[in-house]
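Notes for the one structure printed next.
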Amino acid sequence: MKIIVCVKAVRQELVFINKVQQSTYVINPYDLLALQNAINIKNTEACTIDCISMGPDSIREVLVKCLALGSDNAYWLNDKAFAGADTIVTTYVLSKGISKIGEYDLIICGEQTVDGETGQVGIGLAERLNIPCITNVEEIIDFTDKYIIVCVKYEDHEEVLKIQLPALVVFKNFKLISNTVSLLHLKKAQRKEIVRWSSNDLCFEKNWCGLAQAKTRVVNVTPELIVKEGRLISGNAKKKAVVISQLIQGRFDADNYG
Amino acid sequence: MRIIMDNDIWVICDNLKYDSDHSLQLITKAAQLSLKITAICIGKLNSEAMERLFSYGATKVLYSECENDNIRVIASILKQMIISYNPGMIMFLSSSAGKYLASVSSTYFESGLTADCIDIAIDIDNEYVFSRAALNSSVIAKIKCQNSHIRMCTVKRNVFSIILLNMQRKVDIERFEYAKSSISDKKQVIEKLNFLTYNKYVNNDNWMAAKIVFAIGRGVSNKSNVDLIKRIALKCGAEIVGTRAAVEENLIKKSRQVGQSGVNICPNIYVGLGVSGASQHMVGIKNAKMIIAINSDENAPIFQYADYMVVDDLKTILTELNTLF
Ligand SMILES: Cc1cc2nc3c(=O)[nH]c(=O)nc-3n(C[C@H](O)[C@H](O)[C@H](O)COP(=O)(O)OP(=O)(O)OC[C@H]3O[C@@H](n4cnc5c(N)ncnc54)[C@H](O)[C@@H]3O)c2cc1C
């Protein structure tokens, strides 16, 4: 049985505000959870896991990480033409990559990415591949060659669903820290081949440029959070605590402070 | 002068409750953007709910009967409707069902889709501009559609208000007959084995309206500090919330997590205790009237957003604070 996991590399500062890792890119936390779930299946069922990722030249380390974590193969869809891809382009390119990989039983995606945050790729991809798609998946309960059983969670209810394969499932949650990878696994992964496909390798329709043109364009970006000129409360701990208590009780006299 | 579009806006109503608050919020907003608002109702017949939509700005209801609530069947019907009528812009709810319908339609029609909009406007070029949070909620991006005939968006709940019109518009409900043969009913491939409803109100949500909140961050580091914070909070009528890191460290319950993947609150006073100030957390309290931050690291990002900054060891400050209430 074959599982394909879609993984996006995202800039590490979007995940960790204090640089805790050496790398520029890390696995998108939502995809990390999806991948880790796939690897858990592999622990009990005989199956192979392929990771597929569309991304620029600098994301190789992320694919190596996928291999080190336990994925069997890694496919890298890499072409300058993919830059600026929105959901429509991403699902188009991924669907072509997946078709080239060939047969599969299950595709697993994360709910969204921390940079794009659109949460549409999984559903759109299933639509292009014409396979059923289940979102909000919390847990894979059973996995056979004919079907899977999953638990899905909505705001107010939970369902257990049985889905015929092939199918695509979208995990709901995310995970910040991956399971630890032994140095041995990492070394092995670094020596493994990563299959790299450009647009020439994927069987795009002739007019794919027209088909797979980005349909959205960002025209303006403004910071969401307001940076303030805050007031520093100084003095010893007792003094600071007094000011805090006055602020909380609405008794702080800003004009006569300091 | 406000620009109003003359092309048709569609609002895809909640298939289980056409006149849900969320649906009405979208209809109200749509009515500010265009003169032609079609509310799409796919599901069971409910004339009362459909007629209600006209009091909020709908100028037409396009209804299609669909006995089951299979979202895949609804998506097929919707596709046929879009092919027949070719609307200019489509607004979906940002619920699980709305997201599903939006993704399927946008892929099928190769149309631009902006997810989780918090605002929609029309610019001087007479084009729709969709606003949404991006880059881990640290920025608001304004997005336009291009290379696509239909513009699509999903809209977050509670970002627009509901306005009841003074004058009800003429009721105009059209029944849409879809080609049953072309419905790719994928029902048989998905089987419901078990269904469990849980009462989402078992957790009392009153705390979300608290005027004062104390936010527990990883810097609180242990249960005895948490207890101390709880004691102080009790004395001054504050509620306890926290960061995701605090949840992962088991310092607080997940239901009290504030931020992008938790809840948003709007207290008068927010006190950050050992909170670093990651954007994913701060967006959840960005409308707080006053932010007080206590952190031992003077370079902690939270100080950029704080009105009052206390650079000190938390335990020391808490001990002092406890004696003052
Ligand atoms: C997709 C995604 C979604 C997320 N959603 C959310 C969300 O909804 N809500 C959320 O909160 N986070 C969320 N996060 C996590 C977020 O990025 C941060 O990791 C998290 O908010 C950090 O929590 P913290 O400030 O408690 O911990 P840390 O970042 O570890 O900060 C601890 C702080 O405590 C200070 N400190 C330590 N010891 C002391 C002491 N003795 N006295 C005083 N100060 C001390 C330190 O200086 C530090 O600034 C999300 C992350 C991702 C990737």
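Taken together, the values in this text are just the output of simple stated rules run on the coordinates, not laboratory data. Keep in mind the model is a prediction, meaning the values are calculated, not measured. Cβ atoms come from the backbone with ideal geometry, glycine included; neighbour counts cover every protein chain shown.
Annotations
- The mean number of partner chain beta-carbon atoms within 10 angstrom of a residue's beta-carbon across peptide A:120-128 is 5.
- Note on chain B: antiparallel DSSP beta bridges, both residues inside, total approximately 15 percent of the bridges counted.
- Computed E for B:S221/A:R11 - FRET, C-beta separation, R0 25 angstrom, nearest 0.05: 0.30
- Gap separating the Cα centres of region A:148-200 and region B:77-110, nearest whole Å: 28 Å
- Taken along the Cα-to-beta-carbon direction at a fixed 7 Å, the label points for B:M208 and B:E298 span 4.0 nm.
- Within region B:216-325, the GluC sites (Glu not before Pro) that combine a DSSP coil assignment with at most 11 other C-beta atoms in a 10 angstrom radius are B:E298.
- Spacing of the modelled spin labels on A:I141 and B:L45, each 7 Å from Cα toward Cβ, amounts to 3.7 nm.
- Taking Cα atoms only, the orientation of helix B:314-324 departs from the longest principal axis of chain B by about 80 degrees.
- For chain A, DSSP calls about 40 percent of its internal beta bridges antiparallel.
- Residues of region A:28-60 with an amide N closer than 11 Å to a point placed 7 Å from the Cα of A:Q22 along the Cα-to-Cβ direction: none.
- Area projected by the alpha carbon convex hull of region A:28-156, averaged over all directions, nm²: 8.2 nm²
- Helix B:96-108 axis, angle to chain B major axis (alpha carbon atoms, nearest 10°): 50 degrees
- DSSP finds beta bridges in the protein assembly as shown, and of those with both partners inside it, around 35 percent are antiparallel.
- Tally of Lys pairs whose C-alpha atoms are under 18 Å apart, taken over region B:186-324, 8 or more apart or cross-chain: 13
- Relative contact order, percent, chain B [alpha-carbon distance under 8 Å, six or more residues apart]: 14 percent
- Residues A:T48 and A:L184, FRET efficiency given R0 of 22 Å [Cβ-Cβ distance, rounded to 0.05]: 0.60
- Loop-located GluC sites (Glu not before Pro) in region A:40-146 whose Cβ has at most 14 other Cβ within 10 Å (DSSP): A:E45, A:E103
- Cβ-placed point charges (K, R +1; D, E -1), dipole of region B:265-325 about Cα centre in debye, nearest 20: 300 debye
- Across chain A, the relative contact order, built from alpha-carbon pairs under 8 Å that are at least six residues apart, equals 21 percent.
- Taken about its Cα centre, the protein assembly as shown carries a charge dipole of roughly 760 debye when the Cβ of each Lys and Arg holds +1 and the Cβ of each Asp and Glu holds -1.
- Within 10 Å of the Cβ of each residue in B:143-150, the mean number of Cβ atoms contributed by other protein chains is 5.
- Total lysine pairs in region A:1-105 at Cα distances under 22 Å, for residues eight or more apart or on different chains: 14.
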